[in-house]
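To start, the structure itself, in C-alpha cells.
Read-outs: derived from the displayed coordinates by stated rules, not from any lab. The model shown is predicted, which means the values in this text are computed figures rather than measured ones. For neighbour counting, all protein chains shown are included, and Cβ atoms are generated from backbone atoms with ideal geometry for every residue, glycine included.
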Amino acid sequence: MAEVRVEHVWKFYQGEKGAAQRVEAVKDATFTCNDKEFLCLLGPSGCGKTSTLRMIAGLEKISQGDIYIGEKRVNDLLPKDRMLAMSFESYALYPPMTIYENIAFPLRARNWSEDRIRERIKEVSELLEIQDILSFRPAKLSGGEQQRVSLARALVREDAQVTLMDEPISHLDAQLKARLRIDLKRVQREWGLTVIYVTHDQLEALSMADKVVVMNLGEIQQVGTPEDLYQKPANLFVAGFIGEPPMNFLPCSLMKDKDHFYLQFSQFRFEVDSDIAQIMSKENNPKNSWTLGVRPADMIVGSSISDGYSLKAHVFSVEHLGESSVVTVDIDGQQILIEVPGLSSEKEGDLTLVSFGKEKAHIFNALTGKVIRK
Amino acid sequence: MNGERLTLGKVLFAVGLVLIMLWTIFPLYWVFNMSIQTPIDVISYPPKFVFDPTLENYSVVLLGKSWLGKYETVQTDFPRYFLNSLIVCSGAVILSMLVGVPAAYSLARYNFRGKENFAFTLLSFRFAPGLIVIIPLFIIFRRIGFYGTYYGMIFAYQLLTLPFSVWLMRGFFEDIPAELEHAARIDGYSWWGVFRKIDLPLIAPGIAATAILSFIFAWNEFLFGYILSSDATRPVTPSLMGFISYEQVLWGQMAAAAIITLLPSVILAIFIQRYLVRGLTFGAVKG
C-alpha cells in the first residue's frame with residue numbers, strides 16, 4: 001500500500017478542428033490520498049473525476065503536473081508497471097473466460113503458481129460470496145454478481161499499491177447498493193487498502209469515504225471529510241451538491257441600519273455580526289448580491305424558535321416519504337424545502353411559520369460562490 | 001379462425017420459399033445436369049430431363065487427358081488451375097489478414113491524422129470496377145515482371161480482399177469495449193499480451209468469417225485472373241473459357257469444371273455457416 005499524491009495536474013484535449021479550442025477536463029488538481037485511506041472523487045458527470053482517475057491509472061496521459069504513487073513519480077510508467085488494481089463502471093469482465101479465469105488473470109500476469117492462485121481466489125471469493133459461480137462465464141451472471149466478480153478481480157491483487165474504482169456500484173438497485181457499500185467499506189478497513197473511488201452519488205461518497213474531493217467543471221471545489229462537506233461547505237456548489245434535499249438558497253443584499261448589519265431577503269432581515277460584515281466588505285461583490293443557505297433538515301415548520309428567525313410562508317406542497325416529509329413553502333416566489341420527521345400536518349395553501357437557528361445559516365458571495373466564514 | 005389464418009399464412013410462406021429456392025437453385029441444377037450429359041444430350045432440343053448420366057465429363061476434366069472415344073475434347077490441365085486458384089486465393093487471404101488485422105485494429109482504436117480519409121480511400125478501391133484498373137495494372141505488371149507470377153497475382157487479388165477485410169474487422173474491433181483492454185493493461189499485461197489474450201479470442205470468429213468471405217470473393221474473381229495470369233498460373237475461373245474451342249463449345253466439360261470450381265466455396269460456406277452468421281452479426285446483436 002502507498003499514498004497517492006496528485007500535484008497540479010491538468011488534462012486538456014485539443015479541439016476537433018485545429019488547435020483553436022482547447023478543452024480543459026481537469027484544471028490544476030491537487031490532493032493527496034493517504035496510505036490506507038478511502039478517498040472519493042465526487043462530482044456531477046463531466047466534472048473531470050473519471051479523467052483524474054484514468055490519469056492515476058495511466059490510461060490517460062497527464063497533460064501537465066505530476067502524480068506520485070508512494071515516492072515514485074508515475075507520469076511515464078505504463079499502467080502495468082504502476083502496481084494498481086482497478087474496477088470499472090462497466091465491470092469489464094473478459095467474456096470468453098470463466099469467472100475463475102477472470103479473477104486469475106491478473107495473477108497469471110505475475111506468473112503465480114497454480115496452487116497459489118487457487119488459494120488466493122478461494123480467499124477472495126469467500127469474502128465476496130462468489131464461490132458458487134466460479135465456473136460460469138460472465139454473460140450468465142446478474143449485474144450484482146458481475147459487480148462482485150469485478151471487485152474480486154481488483155481485490156485479488158495483493159501487491160496492488162492502490163485500488164481504483166470507477167462508479168463500481170452505480171448500476172445496481174438500491175438494496176444491493178446499500179449492501180455493497182457496507183461490504184466495500186469493511187474490506188477496505190480489514191485489508192488496509194488505499195482506495196480511490198469515483199462516484200456521482202453523494203450518498204456513496206458520504207457513507208464510505210474518509211476524505212472526499214468534490215469536483216465541478218474540471219476544478220476541485222473542496223477537499224474534506226464528509227462531515228466537513230456537509231457542515232462547512234466551501235462554496236455554493238458544494239453546499240448545493242451535498243445533502244438531499246439540497247440546501248435552500250435565499251438571495252439577499254447586505255444592508256446597514258445605524259451600527260447593525262443585516263441581510264435583506266424580501267421583507268425579512270437576518271442579522272450579520274460586524275466582524276462577518278467586515279469580511280464581506282472586502283469581498284469582490286460590486287452588485288451587493290449574497291446568498292443565504294439553510295439546509296432543509298435545519299429548518300422547522302409551524303412554530304418559532306428562540307435565537308432564530310421565523311418567516312411567514314404559504315405551504316406550496318407536502319410530500320410524505322415514510323419516515324420523513326418534505327414541506328415546500330413559497331415566500332415571494334422563492335420556494336423553500338423543509339425536511340420534517342414523520343408525517344407533516346401542514347396543508348397546501350395554509351399560511352405557516354418557517355424557522356431556523358441563527359447558527360444554521362451559511363452566507364455565500366453570490367458572485368464568486370465563496371462561503372463567508374470567520 | 002385465427003389458427004386457420006395462421007396456417008394459411010404459413011402455407012403461403014412455404015410456397016414463397018419454395019419459389020425462391022427454385023429460382024435460385026435452377027441454374028445450379030441445370031449446370032449439374034449438363035455436367036453429367038453427353039454432348040448429344042446437352043445440345044438436344046427440347047432439353048432432356050431424363051437421360052443416361054455419364055461421368056465422362058468429370059474424368060476428362062480431372063484427368064486432363066484428350067478424350068479418345070466417342071467425341072472430341074480440348075486438352076485442359078484443370079487440376080493445375082485448381083491448385084493455382086488455391087495458391088493465389090490463400091495467398092491473398094493470408095496477406096489480407098496479416099495486413100488487415102493490424103490496420104483494422106488501429107482504425108478502430110487509435111486517432112490519427114487523416115484516419116477517416118485513409119479508411120475511405122481503402123474502401124473506394126471497391127467502388128471502381130476492375131475494368132478501369134486492369135489495363136494499367138497489366139502494363140505495370142509486364143514492366144516490373146509481376147505478370148504471370150504467383151506473387152503478382154496474390155498482390156492483385158489482395159486489392160479485392162484487403163479493403164473488405166479491413167472494414168469488416170474494424171467493426172468487430174470497435175465492438176470490443178475499450179475498457180476490456182484497459183482492465184487487462186492494469187492487470188499487468190503489455191500491449192501485445194492484451195491483444196493476444198483479450199482481443200484475439202474475442203475476434204477469432206470475426207476473423208474466420210472475414211477470411212472465408214474474402215476467400216470466396218477471391219475464388220470467384222475472373223477478370224484479374226484472366227488478364228494477369230500466364231498459362232502456368234491461370235486460376236480456375238478463366239480456365240473455364242478453355243472449353244470454348246474453334247469448332248464447338250464443350251458444354252459438358254465446362255459444366256463439370258464449373259461444378260468442381262463451385263465446390264470449395266460451397267463446402268466452406270456450409271461447414272462454417274454458423275460461424276459465418278455469428279461473425280457477421282457480431283456487432284448487430286449487441287446494439
Between the Cα axis of helix B:251-271 and the main Cα principal axis of chain B, the angle (0 to 90°, nearest 10) is 30 degrees
For peptide B:200-211, the mean count of other chain Cβ atoms within 10 Å per residue Cβ is 1
In the stretch A:152-229 the DSSP beta bridges are antiparallel at a rate, in percent to nearest 5, of 55 percent
In a Gaussian network model of chain A with springs linking alpha carbons closer than 10 Å, the residue among A:PRO44, A:PRO296, A:PRO96 that fluctuates most is A:PRO96
The Cα extents of the stretch A:248-372 along the principal axes, largest first and rounded to whole Å, are 46, 27, 23
With Cα springs under 10 Å, the Gaussian network model of chain A assigns the largest mean-square fluctuation among A:GLU359, A:GLU123, A:GLU339 to A:GLU359
Shielding of A:80-89 by other chains, given as the mean Cβ count within 10 Å, works out to 4
For A:LYS122, the lysines lying under 27 Å Cα to Cα, once residues fewer than eight places off in the same chain are dropped, come out as A:LYS36, A:LYS80, A:LYS140, A:LYS177, A:LYS185, B:LYS197
Using the Kirkwood radius over Cα pairs of the stretch B:78-280, the Stokes-Einstein translational diffusion coefficient at 37 °C and 0.692 mPa s, in µm²/s and rounded to a whole number, is 176 µm²/s
Longest principal axis of chain B (C-alpha) makes with the long axis of helix B:200-220 (C-alpha) an angle, in degrees to the nearest 10, of 30 degrees
Packing-ranked peptide list from A:128-134, B:25-31, B:201-207, highest mean Cβ count within 10 angstrom first, is B:201-207, A:128-134, B:25-31
Kirkwood Rh for the protein assembly as shown from C-alpha pairs, in Å, is 31.9 Å
Listed residues B:ALA104, B:ALA257, B:ALA119; largest mean-square fluctuation, Gaussian network over chain B with Cα springs below 10 Å, found at B:ALA119
For the stretch A:130-283, the Cα convex hull volume per residue in Å³ comes to 166 Å³
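Peptide A:103-112: average number of partner chain Cβ atoms within 10 Å per residue? Provide the component values of the computation, followed by the final result.
Numbers: counts 0, 0, 7, 6, 2, 5, 9, 2, 1, 0.
The per-residue average across the peptide is 3.
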